[in-house]
Amino acid sequence: MIDPSKLFQLKGGQKRRKLALCFGSLERDIAGIAEKGMEYNFKSLPRSEYIKTLVKILLDDPKLTVAAAQELKELLVQEPVNERRLCNCARNHLLAIIGTFPAEWDLVIAPHNTESTVQKRDFFSQVYVYAEDIRSPFNIGSIFRTAEAMGAEKVFISPNCVDPEQPRAIRSGMGCIETLGWEQKTLDELPQDLPVFVLETGGTPIEEFEFPEKGICIIGSEELGVSPQAIKRAEYGCVSIPMKGLKASLNVGVAFGILMQKWVESLEKK
């Protein structure tokens with residue numbers, strides 16, 4: 001957060017970037033998922049008044065369109081003010097002026113329970129995912145987020161994975177990295193008493209695959225897929241997602257989401 005009086009002193013692009021960052025931080029604060037040390041902390045000014053002050057600064061921007069200004073003005077006079085919507089609209093109008101788009105890891109979802117812990121979570125016992133050499137912080141955060149939402153017990157990561165505590169991974173994980181719990185392991189260090197299977201092309205179509213009641217699903221890197229060593233380790237088999245498109249390509253986080261939905265459906269039937 002930045003003192004509004006300092007924002008008045010900034011010019012053009014620098015002011016816009018600072019404002020956009022402020023609105024993004026405020027959105028996360030409103031949703032209860034602010035990064036540590038980034039919570040709203042101006043005790044002399046209520047958060048709603050701070051937001052209104054920033055929006056009024058934005059309204060003076062000569063590059064703001066008439067339609068954008070009208071939308072902000074209408075939100076500004078609402079009582080009570082919808083803080084989250086006002087921040088979101090302001091941030092996106094700023095990004096349009098700057099000429100960029102919000103990155104996936106900057107998206108803010110609805111408020112959720114941030115007090116749950118691994119002990120309190122409702123999950124499927126011994127349902128695990130092994131992320132092998134995932135390089136993108138956005139993708140690893142997305143994998144954690146899906147794993148937590150769908151009831152996996154834990155995420156294992158390979159030694160060459162991006163650090164889940166990298167800032168962008170934490171932001172895309174939306175608190176799930178801290179909630180879920182994870183361990184770094186080599187393929188040889190994975191539990192030996194559980195079925196292991198891979199998500200990869202050329203395997204059993206997902207609608208025909210017999211998911212285990214407990215087990216470890218290995219998902220591979222964005223560029224190379226799972227390694228030959230992982231395929232060898234996956235004695236339970238290989239599951240594939242049939243595709244019709246010319247590219248026949250899915251983001252690894254999206255593919256994992258499809259797989260987890262099918263696995264959960266299978267577990268609930270059993």
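Straight-line reach from residue 6: which aspartates and glutamates have Cα under 20 Å away, leaving out those fewer than 8 places along the same chain?
Partners within reach: 39, 49, 60, 61.
Using θ = phi - 60° and the Karplus relation 6.51 cos²θ - 1.76 cosθ + 1.60, list the HN-Hα couplings for region 66-77 in order, rounded to whole Hz, with x at every Gly or Pro.
4, 5, 5, 4, 4, 4, 5, 5, 5, 5, 5, 8
Taking square-rooted eigenvalues a ≥ b ≥ c of the alpha carbon gyration tensor, is region 47-100 rounded, prolate or oblate, where a/c under 1.5 means rounded and, failing that, a/b exceeding b/c means prolate?
Details: a/c = 1.83, a/b = 1.64, b/c = 1.11.
In terms of gyration-tensor shape, prolate.
Using a 1.4 angstrom probe, figure out how much accessible area the chain has per residue, in square angstrom, rounded to the nearest whole.
On the way: 14560 Å² over 270 residues.
Heavy-atom SASA per residue in the chain reads 54 Å².
Only Lys, Arg, Asp and Glu count, each charged at its Cβ (+1, +1, -1, -1), so figure out the dipole size of region 116-266 about its Cα centre, rounded to 20 debye.
On the way: 14 positive and 21 negative charges, 88 e Å.
Once rounded to the nearest 20, the dipole reads 420 debye.
Let me cross-check residue 53: its accessible surface, 1.4 Å probe, with only protein heavy atoms counted, in Å² to the nearest 10?
For residue 53, solvent-accessible area is about 40 Å².
Show 174, 38, 150 ordered by accessible area, largest first, where the area counts protein heavy atoms only and the probe is 1.4 Å. Show your work: numbers first, answer last.
On the way: 174 15, 38 75, 150 45 Å².
From most exposed to least exposed: 38, 150, 174.
Counting other Cβ atoms within 10 Å, keep those with at most 16, restrict to DSSP loop, and tell me which GluC sites (Glu not before Pro) in region 172-251 are left.
Working: sites: 178, 183, 189, 200, 207, 208, 210, 213, 222, 223, 235; in loops: 207, 208, 210, 213, 222, 223, 235.
Those that pass, being in a loop and sparsely packed, are 207, 208, 210, 213, 222, 223, 235.
Within region 1-102, list the GluC sites (Glu not before Pro) lying in a DSSP loop whose Cβ has at most 13 other Cβ atoms in a 10 Å radius.
Qualifying residues, ordered by number: 35, 39.
Among 154/269; 185/270; 154/262; 244/269; 11/36, which pairs are too far apart, with a Cα-Cα distance over 25 Å? Write down the numbers at each step before the final one.
On the way: 154/269 22 Å; 185/270 30 Å; 154/262 18 Å; 244/269 28 Å; 11/36 29 Å.
As for pairs spanning more than 25 Å Cα to Cα, those are 185/270; 244/269; 11/36.
The values are calculated or read from the model by the stated rules, or taken from the named source; none is laboratory data. Since this is a predicted model, take the numbers as computed values, not measurements. So basically every Cβ, Gly included, is an ideal-geometry build from the backbone, and we count neighbours across all protein chains shown. Protein only, heavy atoms only, side chains kept; ligands, DNA and RNA dropped before computing areas. Shrake-Rupley method; radii C 1.70, N 1.55, O 1.52, S 1.80 Å.
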